[in-house]
Structures are given as C-alpha cells and as structure tokens.
Amino acid sequence: MKISRIIMFVAASVLCFSATSHASEIEQRVRRAYEQIDRGIQSGDITRDEARRLKGDFKKIRDDEERLNNELDRLERNIYRAKNNDNRKDDYRGHDDFRGPDRGHHQVRWERCAGEGENCRFRGTREIRYGAGDRWAYRSQTNSITCNNAVFGDPAPGTPKACYIKID
C-alpha cells in the first residue's frame, strides 16, 4: 500500500511539473508566433489577409488546449473518486476489503452551500466540490471559499454551477 502511494505521488509530481513546463513552453511559442506575424506585417512580407488567416489558426490551438484541460479535469476527478471511494484493494497482499451496503458501506453525501459566484462559508477544513451534473472540481478548504471558475476552473462549461460541502 505504501509503495503504491509513493508511486502515485511521484507520478503526480512528474505530471504536474511537466504540465507546468509544457504550458509555459506553449505560451512562449504562441507569443513568438504572434510576434513573427506582427513583424511580417510591418516588413510587408505578410499581408493583412494572410495575418488574419494565420491568427485564425490560433483558435484551433485554443480549442485543443481547452479540450486537453477538460480531459485533465476529468482525470483529476476520477483520481479523486478512486482515492475517496469505499472500495479498497491492497494490491500488495491481494486482499479486497470491500464492504457492501449491507456491511457498513458509507454513502458519500453532499450538501449545497452556495451558487456560482457566491461564498461558501463553513467552519474548519472541509472537502468542497464545484460544478453541475457529473462534472465536478474538488478542493479541500478551510472556513470559506468563493464558488467560481477562477478558483476551481470550469468543470462544466456553459452550465450554471454550485458548491457543495461533503457531509461525513
């Protein structure tokens, strides 16, 4: 169990580091491309119509980036769910200690605390989820949190969202 946790931590650390460096590399390349287009316009090597078409290609890049972010959000939710469900399997010993509903299974409950753009207030450190339907972003927070896309990201684009507190 300890070994699998260490492996998960190392994998998550590598993913976070590579995602951060990858994002900054992409941002730098996009900025350089914009600068090259602008220099091409100033020098007369690129017409305004060509520049408009080239800059329009950035929409595809932004769409791909949004799709990738949504995929990563879904992966993070799945990891969170896997870590916090009541199915525990110790791969080292091959022992499955799942307790079904008739043997002490604990159902996770969530209580609405604020709508999108509102503050969710509570005491102590609590698990908060933000989103709608089956699309959620999760955070552990102390005393209060603002329920908006700036804090959580946008787990359900185009949908009104709300914050919910995990009830133990």
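Could you order the peptides 47-59, 107-119, 125-137 from most to least packed, using the average number of other C-beta atoms within 10 Å per residue?
Answer by packing, highest mean first, reads 125-137, 107-119, 47-59.
Using Cα centres only, tell me the gap between the range 116-153 and the range 37-54 in whole Å.
The range 116-153 and the range 37-54 have Cα centres spaced 45 Å from each other.
For every other residue with a beta carbon closer than 10 angstrom to the beta carbon of T142, add +1 if it is Lys or Arg and -1 if Asp or Glu, then tell me the sum.
My count for the surroundings of T142 gives +2.
Sorted from largest to smallest, which semi-axis lengths in Å does the alpha carbon gyration tensor of the range 109-167 give for its equivalent ellipsoid, taking the root of 5 times each eigenvalue?
For the range 109-167, the ellipsoid semi-axes come out as 17, 11, 9 Å.
Rounded to two decimals, what is Rg over Rh for the range 27-66 when you use alpha-carbon atoms and the Kirkwood radius?
The Rg/Rh ratio comes out at 1.02.
Where a number appears in this text, it was derived from the coordinates with a stated rule and is not lab data. Quick caveat, the model's predicted, so the values are computed rather than measured. As a convention, Cβ positions derive from the backbone with ideal geometry for all residues, glycine included, and neighbour counts pool all protein chains shown.
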